[in-house]
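A quick write-up on the structure given underneath.
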């Protein structure tokens, strides 16, 4: 952890020693997410090579089981696959909020930030001003160097962004933003052979953000009392995925090796070729052999891979548990029946995954409030963080049949929607279209059953009033 800005002094090593492991982990997580597993799991390859001998003849990384990428995408899907509703009670402020959301493509930013929080352990909102308009953007965790208080690492003094630009093989120009509450300082440094050799003091400048807080807003996954940079979801399952890939590819190589069957038979089945001075088996002909010489036949092969498949199943079960995502999200085949799971049963299976996502959602909720409020403040508008109302959704498909049955039970088997409202919802019709459709339905019923008498207690105007009441209830 960094507790002061001395790491930016001339003569200091960059990046600082305390941050090297974190930055290396970010590089590893990025490669895993992008499917470059052969660059990451070299230690596992070496382990198997010591057992198998010439490992490259047994296995090559042709199959990538990118569970990590799938997990990050599923976390983002559950968090904001259904876009949250962001609103304020004041109509004028609502227009400002809507403009900020649209201009900054905020829901797409939330999705990307969710994946960063999953794979890196942290994602970062970045606020700045461009052409007198506030901008909500993202920045990479690999550029972020938080400086914390020595007595309380959870209290940040500075957010430092360090953006390198390679000049040549030995020299790098370093652009630095040192963020404080309400402003940030821009500095430039020259790095040679991994050390800061010069600071360009004449290019230093201070930029006022106009905010009461930092312009860098982190959204962390899991943090502890001694860790503010967040813990990646990949660290827990990395070794399991690596072992799964090795097992799958070893099986594939064994199957490939025995995909072309060999033949066995007596020596009399071979024909001598004088030109090549070799023996060969001519297939498609009839061979006369002695009765005790045996038959020409294909070799049958028993792979005996059952133990390997059982081990793979155990590894997958461990993956489902430790990732907190469960087999339902990560593609487990349920009993092979292909049946449809009910909405309640599906949500119960997703309980652990939803709890996992809620940890990120709590931090994301606070960060979005700060980002929107800060962006509005940069443009001269005062929208408090607590004024914003964010309605999150769980990202799961609703079982409408199940919900209707529940509402029916709660209402004592009485209707909860009028016929007209039901037609509107089922067919995506306007009220006028639904009323016309309902009248046609009633007319067809009367023609089919002349004894059917309409309700004499309601005229057309009263029917319309009842319909309006039902629609207003649904709207509320």
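The values are calculated or read from the model by the stated rules, or taken from the named source; none is laboratory data. Predicted, not measured: the structure shown is a model, and the values here were computed from it. Cβ atoms come from the backbone with ideal geometry, glycine included; neighbour counts cover every protein chain shown.
What the table below lists for this structure:
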quantity: Qualifying positions in segment 195-230 - part of a loop (DSSP other than H, G, I, E, B) and either in contact with a helix residue (DSSP H, G or I) (Cβ under 7 Å, 6 or more places away or on another chain) or closer than 16 Å to residue 160 by Cα (or both); calculated: 204, 209, 210, 211, 213, 214, 215, 221
quantity: Total residues in segment 355-386, condition surrounded by fewer than 17 Cβ atoms within 10 Å (Cβ to Cβ), touching a residue at least 40 places away in the same chain (Cβ under 8 Å) and in a helix (DSSP H, G or I); calculated: 1
quantity: Yes/no for residue 463 being modelled with pLDDT under 85, surrounded by fewer than 17 Cβ atoms within 10 Å (Cβ to Cβ) and part of a helix (DSSP H, G or I); calculated: no
quantity: Meets criteria (assigned to a helix (DSSP H, G or I), at pLDDT 70 or above and either within 27 Å of residue 80 (Cα to Cα) or within 41 Å of the chain's Cα centre (by Cα) (or both)) for residue 401; calculated: no
quantity: Residue match in segment 178-189 (condition: in contact with a helix residue (DSSP H, G or I) (Cβ under 6 Å, 6 or more places away or on another chain) and within 29 Å of residue 384 (Cβ to Cβ)); calculated: no
quantity: Of all residues making up segment 22-38, the number that are modelled with pLDDT under 90 and either part of a helix (DSSP H, G or I) or in contact with a helix residue (DSSP H, G or I) (Cβ under 6 Å, 6 or more places away or on another chain) (or both); calculated: 2
quantity: Check on residue 65, surrounded by 14 or more Cβ atoms within 10 Å (Cβ to Cβ) and assigned to a loop (DSSP other than H, G, I, E, B); calculated: yes
quantity: Test: residue in segment 101-124 that is in contact with a helix residue (DSSP H, G or I) (Cβ under 6 Å, 6 or more places away or on another chain) and over 30 Å from residue 241 (Cβ atoms); calculated: no
quantity: Qualifying positions in segment 212-244 - surrounded by fewer than 21 Cβ atoms within 10 Å (Cβ to Cβ) and within 17 Å of the chain's Cα centre (by Cα); calculated: 222, 231, 235, 236, 238
quantity: Test for residue 125: is it at negative phi and modelled with pLDDT of 95 or more; calculated: yes
quantity: Any pair with Cβ under 8 angstrom, 6 or more apart, that starts in segment 188-209 at a residue that is without any contact (Cβ under 8 Å) to a residue 24 or more places away in the chain and on the phi > 0 side of the Ramachandran plot and ends at one that is surrounded by 10 or more Cβ atoms within 10 Å (Cβ to Cβ) and not in a strand (DSSP E or B); calculated: 193/170
quantity: Residue match in segment 321-329 (condition: farther than 30 Å from residue 135 by Cβ, modelled with pLDDT of 85 or more and out of contact with any helix residue (DSSP H, G or I) (no Cβ under 8 Å at 6 or more places or on another chain)); calculated: yes
